[in-house]
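The block underneath contains the structure these notes are about, expressed in structure tokens.
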Amino acid sequence: MFDIGFSELLLIALVALVVLGPERLPKAARFAGLWVRRARAQWHSVKAELEHELAADELKRSLQQTEAQLREAQEELRSGLNEARERLREEERALREEFERGGEEPALESSSRPLELPEGDETAPAPDAGRGDAPAEAPAPRSDASGERR
């Protein structure tokens with residue numbers, strides 16, 4: 001803080017001893033120490049308050065930034081949902097028109113057609129058939145001594 005060396009402090013102490021005398025010097029030193037402590041405490045209080053306000057401002061900015069990002073994501077989701085709804089309506093309209101014109105069932109796009117089974121095969125194999133990681137069947141419900149099912 002201050003650039004005061006030992007020699008300067010010794011000179012100040014000698015001048016204080018000569019000016020104040022040996023009776024009043026200890027009281028003056030205590031009084032000076034009290035004021036220095038109060039000044040330091042006030043400085044630390046101001047510093048802590050400033051740091052607290054800076055942290056609060058940073059938190060507020062972070063919150064506002066996160067809120068803006070959430071709004072942006074919400075708008076993107078809404079626009080995507082609206083686009084999907086519009087495409088679905090267009091597909092529905094096209095299928096209805098095709099059905100009304102042709103009088104037969106509308107043809108589905110290849111991506112939305114159900115899977116067809118080969119001829120002669122009445123049941124489809126389970127999707128996880130033949131794999132070793134298939135889940136085990138659920139155990140049958142147990143009953144306690146009174147005969148009630150759990």
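The values are calculated or read from the model by the stated rules, or taken from the named source; none is laboratory data. Owing to the predicted nature of the structure, the values given are computational and were not obtained by experimental measurement. Cβ: placed from backbone, ideal geometry, glycine included. Neighbour counts: every protein chain shown.
Go over the candidates E23, E90 one by one and state the one that is among the acidic types (D, E) and surrounded by 10 or more Cβ atoms within 10 Å (Cβ to Cβ).
E90
Residues E53, E58, E98: which one is modelled with pLDDT under 95 and surrounded by 10 or more Cβ atoms within 10 Å (Cβ to Cβ)?
Only one candidate passes the filter, namely E98.
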